[in-house]
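Here's the structure, in structure tokens; my notes come after.
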Amino acid sequence: MKGGNDKKMISYAVLLCAGRGKRMGEACNKLFLPLCGKPVLWHSIKLMLGCEFFDGMVMACAREDMKQCEKILSEFDSPFPVIIIEGGKERQESAKNALAALPEGVEAVLIHDAARPFTEKKVMKKCLEMAAEHGACIAATPSKDTVKMVKGGEIKGTPDRSSIWLAQTPQAFRTEVIINAHREAEENGISGTDDAQLVEACGGAVKVVESSWGNIKITTPEDMAYARAILNLTRGGNAMRIGTGYDAHKLAEGRPLIIGGAAIPFESGLLGHSDADVLTHAVMDALLGAANLGDIGLLFPDTDKQYEGISSIELLKMTGKNLKRQGYAVINIDATVVAQRPRLRPYTDEMAKNMAKALDISPEAVSIKATTTEGMGFEGRQEGISAHAVACIESI
């Protein structure tokens with residue numbers, strides 16, 4: 001970043017990660033919630049590390065979150081030094097602690113909320129350039145709505161909308177400007193909801209760079225839904241994924257017949273390493289295929305003794321948990337069992353309920369059908385049973 005004499009300024013980023021996110025309604029830090037398979041913080045770190053105009057970064061984290069933040073950061077090969085420090089109970093204290101951790105010689109600093117993972121790099125760069133020239137600059141958007149001044153449930157005034165801007169981060173400053181602002185605020189008992197407010201309070205001028213409405217701050221569950229949509233659009237896709245699955249097993253005497261977790265009275269059962277539940281296997285492959293996580297042979301190999309004779313419904317539970325860890329939720333499943341005998345229609349509702357319970361979804365989201373081949377093929381000759389499945393999942 002260049003200063004007034006065109007000499008490159010040493011610029012650091014400050015990423016504020018210590019907020020608890022009470023409005024999200026979750027017990028953990030909202031930054032650790034999954035966003036399309038990765039924590040929100042992962043996306044914000046990726047954004048900052050991709051900015052070639054930074055010379056380093058300070059992350060301010062809550063004490064209890066520091067190990068988790070370090071773990072997420074370790075997934076990246078950072079192009080510059082990253083310092084993790086303990087933040088404060090309030091945003092202002094976290095920013096002050098981060099500023100105190102800056103190495104000597106840092107001339108400009110950009111402060112950013114980790115709950116804003118979609119900021120455009122060009123906005124950050126412009127804010128730093130304006131701060132280098134003028135001392136302070138923030139990203140903001142002009143209000144789209146008419147703003148009302150309200151007191152006691154009654155409108156007291158309507159400001160000119162053309163002068164109303166909604167402040168965001170990033171907010172960039174010459175280092176001495178923002179450090180002095182925090183010092184004066186502490187001495188005079190001034191608190192602000194952002195860093196620019198502290199600069200304003202001590203008489204400093206703050207410039208504005210227009211940002212986009214996509215630079216959302218993830219605060220509520222509704223914001224998470226919006227964030228998933230934004231991220232999937234930027235990936236060139238959408239939030240839903242489809243997978244198909246197929247399986248077939250040979251019928252053999254002396255084996256129980258288990259299909260969809262239902263025990264079905266019959267003179268023979270399906271042959272396999274587990275309980276050979278052909279329907280559940282097809283559903284699992286459809287789910288894994290939708291998430292691009294391989295297949296059941298890869299996750300539960302028939303060479304592994306721990307899966308010998310295991311209930312496939314238990315394997316389905318493990319598959320569902322794996323999908324959730326990767327940031328996916330099951331929308332619905334549609335499957336068909338192909339068997340000449342026995343008649344399976346009386347058991348399809350039980351099958352659907354078993355699989356829905358295993359995946360922790362509504363039974364209405366699981367459709368199970370049964371058909372014959374009119375005597376054709378290995379199913380028609382009663383040599384075996386097959387199943388086809390389609391699964392739809394979404395990023396969460």
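Every read-out reported here was derived from the displayed coordinates using simple, explicitly stated rules and does not represent laboratory data. In this text, all values refer to a predicted model and were calculated from it rather than measured experimentally. We place every Cβ from the backbone using ideal geometry, glycine too, and count neighbours over all the protein chains shown.
Electrostatic tally near Asp295: other residues with Cβ closer than 14 Å to its Cβ, Lys and Arg +1, Asp and Glu -1, net -3.
Sparse packing (at most 16 other Cβ atoms within 10 Å of the Cβ) combined with a DSSP loop state is found for the following chymotrypsin sites (Phe, Trp or Tyr not before Pro) in the stretch 135-226: Trp213. Electrostatic bookkeeping for Arg91 treats Lys and Arg as +1 and Asp and Glu as -1; over the other residues with beta carbon under 10 Å from its beta carbon, the sum is -3. Given springs between every Cα pair under 10 Å in a Gaussian network model of the chain, which of Lys71, Lys46, Lys321 has the largest fluctuation? The residue that fluctuates most here is Lys71.
Relative to the dominant Cα principal axis of the chain, helix 278-290 is inclined by about 20°. Comparing Glu222, Glu129, Glu187 in a Gaussian network model of the chain where C-alpha atoms under 10 Å apart are linked, the largest mean-square fluctuation is found at Glu187. Near Pro265: Cβ cut-off under 12 Å, other residues only, Lys/Arg at +1 and Asp/Glu at -1. The net charge is +1. Against the main long axis of the alpha-carbon atoms of the chain, helix 348-359 sits at an angle near 30°. For the residue pairs Lys46/Lys217; Lys8/Lys207; Lys38/Lys324, alpha carbon separations beyond 19 Å are given by Lys8/Lys207.
Once the Cα atoms are used to define both axes, helix 175-188 deviates from the longest principal axis of the chain by about 80 degrees. Here the contact order of the chain, divided by its residue count and restricted to Cα pairs under 8 Å and six or more residues apart, works out to 15 percent. Secondary-structure-derived ellipticity at 222 nm for the chain, considering helices only, amounts to -9500 deg cm²/dmol, per-run term -39500 (n - 2.57) for DSSP H runs with n ≥ 4. Across the stretch 21-104, the relative contact order, built from alpha-carbon pairs under 8 Å that are at least six residues apart, equals 25 percent. FRET efficiency for the pair Lys369 and Glu308, taken as 1/(1 + (r/R0)^6) with r the Cβ-Cβ distance and R0 = 30 Å, rounds to 0.50. In the stretch 240-395, Cα pairs under 8 Å separated by at least six residues give a relative contact order of 34 percent. Classify the stretch 180-231 from the C-alpha gyration tensor, please: rounded if a/c falls under 1.5, else prolate or oblate depending on whether a/b exceeds b/c. Because a/c hits 1.5 or more and a/b fails to exceed b/c, the stretch 180-231 counts as oblate.
Remark: the Cα gyration tensor places the stretch 253-373 in the oblate category, a/c being 1.5 or greater and a/b not exceeding b/c. Computed about its Cα centre, the charge dipole of the chain is approximately 640 debye, with only Lys, Arg, Asp and Glu carrying charge at their Cβ. Close amide H pairs (under 5 Å, H built 1.01 Å from N) link Met59 with Leu15, Ile83, Ile84, Ile85, residues at least 5 positions away or on another chain. In terms of the Cα gyration tensor, with a ≥ b ≥ c the square roots of its eigenvalues, is the stretch 31-102 rounded because a/c is under 1.5, prolate because a/b exceeds b/c, or oblate? It comes out oblate by the Cα gyration axes. The GNM of the chain, with springs linking C-alpha atoms under 10 angstrom apart, assigns the highest mean-square fluctuation among Glu107, Glu314, Glu154 to Glu154.
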